[in-house]
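Working notes, structure below.
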Amino acid sequence: MSLISFDLEKCTACGTCSEICPVHIIMPGEDGYPSLPAENEPFCSRCGHCEAACPADAIQGNYETFPPENDIADTTQLSPEVFTKYVQSRRSTRTFKNKAVEKEKIAGILEAGRFAPSGMNA
Ligand code: SF4
Ligand code: SF4
């Protein structure tokens, strides 16, 4: 399965996805309909921009970007006070225990970090 699916029945060939892709890997064909050539897939940052910006809801990213809807619903329950507390309690860690960190934890941190705003994904 392709990393990004385009529903050409819904697509209006507006070109938005090609224009907004930060790494310019969505190619508009001669007919105006977009595609993501297989050789371009490794350059996809999985930012979800194309899917979010498509006015016709014609794009689906075939990769996991967000937690299940229930988790998102929980996130929206985060009050400004609790969020502020999280932000204020952020600390850099400069000393470490001599203890291995589970791979799942590292993968989870990297996955979350992937969504930190950057010039390429926001
Ligand atoms: S943004 Fe959506 S409607 Fe526009 S070309 Fe891309 S897939 Fe088609
Ligand atoms: S997910 Fe982001 S990088 Fe990948 S094709 Fe869509 S806009 Fe481009």
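Some points to look at:
- The residue that is nearest to ligand 1 (Cβ to nearest atom), among those in region 29-55 that are assigned to a helix (DSSP H, G or I) and without any contact (Cβ under 8 Å) to a residue 40 or more places away in the chain, is 53.
- Summed over region 1-11, the residues that are farther than 22 Å from residue 119 by Cα, near ligand 1 (Cβ under 10 Å from one of its atoms) and not hydroxyl-bearing (Ser, Thr, Tyr) give a count of 5.
- Of everything in region 12-28 that is in contact with a strand residue (DSSP E or B) (Cβ under 7 Å, 6 or more places away or on another chain) and in a loop (DSSP other than H, G, I, E, B), the residue that is nearest to residue 118 (Cα to Cα) is 26.
- Positions within region 81-122 being basic (Lys, Arg), without any contact (Cβ under 8 Å) to a residue 12 or more places away in the chain and within 25 Å of residue 45 (Cβ to Cβ), in sequence order: 90, 103, 105
- When region 83-122 is filtered for residues that are of a type in the set (A, V, I, L, M), surrounded by 10 or more Cβ atoms within 10 Å (Cβ to Cβ) and at pLDDT below 85, the ones remaining, listed by number, are 120, 122.
- Some residue of region 62-77 being within 10 Å of the chain's Cα centre (by Cα), within 9 Å of ligand 2 (Cβ to nearest atom), at pLDDT below 90 and not in a helix (DSSP H, G or I): yes
The values are calculated or read from the model by the stated rules, or taken from the named source; none is laboratory data. The model shown is predicted, which means the values in this text are computed figures rather than measured ones. FYI the Cβ positions are ideal-geometry reconstructions off the backbone, even for glycines, and counts take in every protein chain you see.
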